[in-house]
1. Taking B:GLY92, is it more than 21 Å from A:PHE36 (Cα to Cα) and either among the small types (Gly, Ala, Ser) or away from chain A (no Cβ under 11 Å) (or both)?
2. Right, A:ARG170: outside any loop (DSSP other than H, G, I, E, B) and charged (D, E, K, R) or not?
3. Test each condition in (1) more than 13 Å from B:LEU206 (Cα to Cα); (2) under 25 Å from the mean Cα position of the chain (by Cα) for B:THR108 and report the one that comes out false.
4. Would you check if A:VAL76 is of a type in the set (Val, Ile, Thr), under 26 Å from the mean Cα position of the chain (by Cα) and exposed (fewer than 15 other Cβ atoms within 10 Å of the Cβ)?
5. Taking region B:15-41 as the search range and keeping residues that are open to solvent by 50 Å² or more (accessible area, probe 1.4 Å) and among the polar types (S, T, N, Q), which one is nearest to the other protein chains (Cβ to nearest Cβ)?
6. Answer yes if at least one residue in region B:100-110 is assigned to a loop (DSSP other than H, G, I, E, B), open to solvent by 30 Å² or more (accessible area, probe 1.4 Å), out of contact with any helix residue (DSSP H, G or I) (no Cβ under 7 Å at 6 or more places or on another chain) and at pLDDT below 90, and no otherwise.
7. Any chance you could count how many residues in region B:1-56 are closer than 24 Å to B:THR268 by Cβ and either β-branched (Val, Ile, Thr) or modelled with pLDDT under 75 (or both)?
8. Name the residues in region A:147-156 that are modelled with pLDDT of 85 or more and out of contact with any helix residue (DSSP H, G or I) (no Cβ under 6 Å at 6 or more places or on another chain), would you?
Amino acid sequence: MIDKKRRLHAGQRGLARMLTDGSYSLYIMGFVCFAFVLVFSYLPLAGWILSFFDYMPGYSWENMGFVGLKWFRLAVSQPALPRVLRNTLMMSGMGLLVTPVPVAFAILLSEMRNEGFKRIVQTVTTFPNFIGWIMVYVIFFTLFSPTSGAINQILRSLCLSTVDPIGNERIVWSFQTLLGLWKGMGYSAVVYLATLSGIDPELYDAADVDGAGRFAKMIHIKIPGLYPTFFVLFILNIGNLLNNGFEQYLFFYNGIVAQKIEVLDYYVYQLGIVTANYSLSTAVGMLKSVIGILLLSAANLLSKKARGESVL
Amino acid sequence: MSIEKSRAWRRYRASDWVFQALNYTFAAAVLIACLYPLYYLILVAVSDSAAVNRGEVRLIPVGFTLQYFRDILTMDGMGHAFFISAARTVLGTLITLAFTSMFAYTVTKPALRLRKAFYRLTVFTMYASAGLIPWVVVYTRLGLKNSFLLYILPGAIYPFGMVLIKTYIEQLPDAVEEAARVDGAGYFATYTRIVLPLCLPVLAALAVFTSVGQWNSFQDNFFLVQSEKLRTVQMYLYDILKRAEAAAANARRGDMTMVLTAPPNAFTVKATTAIVTILPILAVYPFLQRFFVKGILLGAVKG
């Protein structure tokens, strides 16, 4: 028997077609799911309107004045802004600098012959990625405690001076970058290792025939094999130049390192929640988002020029 | 030595041994750097707190005791926070898996004309966000403030997961689905009965990411939930940290009241609470590690 749902009459278009070939269920499923995206990711954009008013919680819209670009002008003239931008760019810059580290680690891991040890290293180094930043803070706060932490105890027993990286404003950027590396290196390395395992083994055999040693193989096979993945991640990191994340800086923030640890995301929080300057915070956040999108597009263009393909 | 054996040994030149030695040493150093901080936290949590303060704890527990764990498990609100975190992890993961996989499935079907738009608009949310204040204000207007739904609904569509599943579904052979369609199954039936069971590997990987994300989630609680009844373990830990800081700040100003009423073992309380917060992940992790590695392989990073 011919499935009645499938028979399409000549000339049926759009809705009628949809109802007869059963694809209406597809549209229902699609719209229901997309509704989540619309409501929870796109609807907040409506909040951008706050930056054009003198927003005060609880006041009705008529009582709040429309102020045009006032908050934007204020945003770019905030005395704290250059410092915040400096911190943000320094952190992101250092983050970009250490992007090759997981690549190197993955290559080194791939050179290991003992499969068991390799797997142990993989498992252990990936674990910090799944620990939330608040726990990272507690771990390192306890470890580096000037009086009782193990690190300083060991240093003292070696007659070296104690360290306090959490309260040291000279090494803030390096320390936070290292923390990010501690947390993320293992996980990124696993991604690269997965890519490495996809390289055609015949390439290695051919290299052997050509007399290539270990390092030659690394340079001519492994690195070119990893380069596409690395490039994509690098370009995406450039797009995220202004987005350092928030939690890391919330937990590691203290009076001593304040000047250097305040990044844009933290600054937006400071303005909006701590001092309750909703409109100003929204304006800064908007600028950040817009510039971020521009950065991403620029990075994508760079990618197209350099490698002929888009990242997105 | 036979010719084959001498040829095999010739591959292992001195430089090779040196490289392997260095490689393994370096890897061991990285291992210790990743393990020791966490290990030290465990040591602090199970050692006598006076010994901890004196700095005697380095490699092994000093004055091993589980008393502090017993203490905090009976601490006000801890058990409830644990329950809330567990509930949101389970429910949130189920909801996310269900809707994200359904969305990924619909996006692979050419019959859906809008699929390119759906896909691009969803992926776009990974790269741009509305900002903190708009998020807080709009979500409050939506009635999500102090609501458990805040924990499980907004994450229903997980863009990265959608990309993973979509890629996976596209690599499935067409024949299975065709057979189902010929038998008269509708799209939803095909999705639930055929495609979903086939997606179990990538769904397992996604479950790992989603549940860990749910368990570690902090900002939704921090910004949008003031009620103690909906506090997660992350927020609970944060409250302990803040209380300790406030006690220390007051003590510096000469006000000792908070210090006297707060638990004397400052490090241990934090350490123990942190351990309890990490423990679920720690316990389940070695088993889950298989899944997410596989998931990455299956989802194939672009390029």
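1. Numbers: more than 21 Å from A:PHE36 (Cα to Cα): no; either among the small types (Gly, Ala, Ser) or away from chain A (no Cβ under 11 Å) (or both): yes.
No.
2. Numbers: outside any loop (DSSP other than H, G, I, E, B): no; charged (D, E, K, R): yes.
So A:ARG170 does not fit the description; no.
3. Checking B:THR108 against (1) more than 13 Å from B:LEU206 (Cα to Cα); (2) under 25 Å from the mean Cα position of the chain (by Cα), the one that fails is (2).
4. Taking the combined requirement at face value, the residue satisfies it.
5. If we take residues in region B:15-41 being open to solvent by 50 Å² or more (accessible area, probe 1.4 Å) and among the polar types (S, T, N, Q), then B:SER15 is nearest to the other protein chains (Cβ to nearest Cβ).
6. Step one: of region B:100-110, the residues assigned to a loop (DSSP other than H, G, I, E, B) are B:109-110.
Subsequent filtering for residues that are open to solvent by 30 Å² or more (accessible area, probe 1.4 Å) retains B:110.
Narrowing further to those that are out of contact with any helix residue (DSSP H, G or I) (no Cβ under 7 Å at 6 or more places or on another chain): B:110.
Of the ones still in play, those that are also at pLDDT below 90 are B:110.
Yes, that holds for at least one residue.
7. Number of matching residues: 5.
8. Answer for region A:147-156, where residues must be modelled with pLDDT of 85 or more and out of contact with any helix residue (DSSP H, G or I) (no Cβ under 6 Å at 6 or more places or on another chain): A:ASN152, A:GLN153, A:ILE154, A:LEU155, A:ARG156.
The values are calculated or read from the model by the stated rules, or taken from the named source; none is laboratory data. A quick note: this is a predicted structure, and the numbers were derived from the prediction, not measured. Counting neighbours? That spans all protein chains shown, and the Cβs are built from the backbone with ideal geometry, glycine included. Accessible surface areas use protein heavy atoms only, side chains included; no ligands, DNA or RNA. Shrake-Rupley method; radii C 1.70, N 1.55, O 1.52, S 1.80 Å.
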